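Below is one structure, written out as structure tokens; the observations come after it.
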Amino acid sequence: MAIQQQHMPLLLLTFLLAPAGSYGLATTPLINSTCTAAANSTWFTPYAYCVRTLSVIPAAASATDASGLGAAAANLTTKNVTTTLHVLTNLVDALQHCITMYKMMNGSLAGALDDLRTNQTDAAWPKLKDAALRPTFCDLELAKSKTGKDPFFEENFSNQMLSGMANDIIELIAKKKAR
């Protein structure tokens, strides 16, 4: 993922540690009272989430007032949003590549269908082979984006299987192994 390495320990501590209090997470009375109040505010921030998150941020743990806690939370939010923007940018770039691949695939399929309508299986086969490869190129670009996201894995897989099947059938005909 695009999460910066220096943020990983903080994120792991934030989300994997047990709730604060008797489970050994060091917290402060200011964090506890602020999180209690936040649990009853506009967004109803869950108390345990608030305490776990703020307790592992050094600036929050050493804060002397709610303003310091708010600044620490806003700073962590800024880092998280920056990481999210990076992930989204990489994903959009990969999706643009996928759009190009699918447009090329559509063109190959249209050409292959034209060839098949005129019984030109030898001409259709390479076009179907090209089409069958395009979803893989899309998958590779999504993997290269290092976002850990593939919003349409099922569609890519289905299109690869269908176009591969069409390619295999026409390849058999072109090689005179099927009638």
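Which FRET efficiency, nearest 0.05, do THR118 and THR82 yield, Cβ-Cβ r, R0 41 Å? Please report the intermediate quantities before stating the final value.
On the way: r = 55 Å, r/R0 = 1.35.
My answer for the efficiency is 0.15.
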**Complete:** Under 5 Å from the placed amide H of LEU25, counting only residues 5+ away or on other chains, we find none
**Prompt:** Can you give the direction-averaged projected area of the convex hull of the alpha-carbon atoms in the chain, in nm²?
**Reply:** 14.7 nm²
**Request:** Give, as a single signed number, the net charge of other residues whose beta carbon lies under 10 Å from the beta carbon of ASN167, with Lys and Arg counted +1 and Asp and Glu -1.
**Result:** -1
**Request:** State the extension gain, in nm to one decimal, for the chain segment bounded by ALA37 and ALA59, taking 0.36 nm per residue of separation less the distance between their alpha-carbons.
**Result:** 6.0 nm
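By per-residue mean of other Cβ atoms within 10 Å, what is the highest-first order of 143-153, 129-139? Show your work: numbers first, answer last.
Numbers: 143-153: 14.8, 129-139: 20.6.
Answer by packing, highest mean first, reads 129-139, 143-153.
Read the figures in this text as sums done on the coordinates, not as results from a lab. This is a predicted model, so every value here is computed, not measured. Using ideal geometry, Cβ is built from the backbone for each residue, glycine included, and neighbour counts are taken over all protein chains shown.
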